[in-house]
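Read through the structure below, which is laid out as structure tokens, and then see the notes.
The values are calculated or read from the model by the stated rules, or taken from the named source; none is laboratory data. Quantities reported herein were computed from a predicted structural model and do not represent experimental measurements. Backbone-built Cβ (ideal geometry, glycine too); neighbour counts: all protein chains shown.
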Amino acid sequence: MNLTRPNMLQLLHIAVLWFHLLPSLLCDNLRCYYSPVLEKEISFELIVTECPPDELCFKADGRYGNYSALSARGCMAEKDCSQVHRLRLKGIIYTMSYACCDWPYCNSCLNVTAKLAITVALVTVAVIAGL
């Protein structure tokens, strides 16, 4: 079987799509990235975690005034999403805001949005449809 370059690219897109969608299709629990509350300058290797049922992935941003100083990732109940909490860390009070998302690994970076995920999915479908 002789695969041309476009066919290999299309197979790669299909494999990537299945890699991200299959875990959510096989079980009800969402897989997300976890990192504890850390100062933004501190690097931390993200850990994959499986959320309990009925929880979503979240990304948190901790602000001190206008300065974005803290970040965190993990799972939380949907009712707690989009809330703002105060957090005292090392004697400083930060305002923590939480943004949730509901697809596997959607909290991988701080600027991932639903529009980006939808765009990637549509491009992948378009490439697959061109088979």
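Within the range 19-32, identify whether any single residue is over 16 Å from the mean Cα position of the chain (by Cα), modelled with pLDDT under 90, outside any loop (DSSP other than H, G, I, E, B) and aromatic (F, W, Y), and answer yes or no. Scanning the range 19-32, I find no residue that is over 16 Å from the mean Cα position of the chain (by Cα), modelled with pLDDT under 90, outside any loop (DSSP other than H, G, I, E, B) and aromatic (F, W, Y), so the answer is no. Y64 falls short of the stated requirement of being farther than 22 Å from G91 by Cα and either out of contact with any helix residue (DSSP H, G or I) (no Cβ under 9 Å at 6 or more places or on another chain) or modelled with pLDDT of 95 or more (or both). Among residues of the range 19-45 that are exposed (fewer than 11 other Cβ atoms within 10 Å of the Cβ), those with a beta-carbon under 6 Å from a residue that is outside any strand (DSSP E or B) and at pLDDT 70 or above at least six positions away or on a different chain give the pairs D28/P53.
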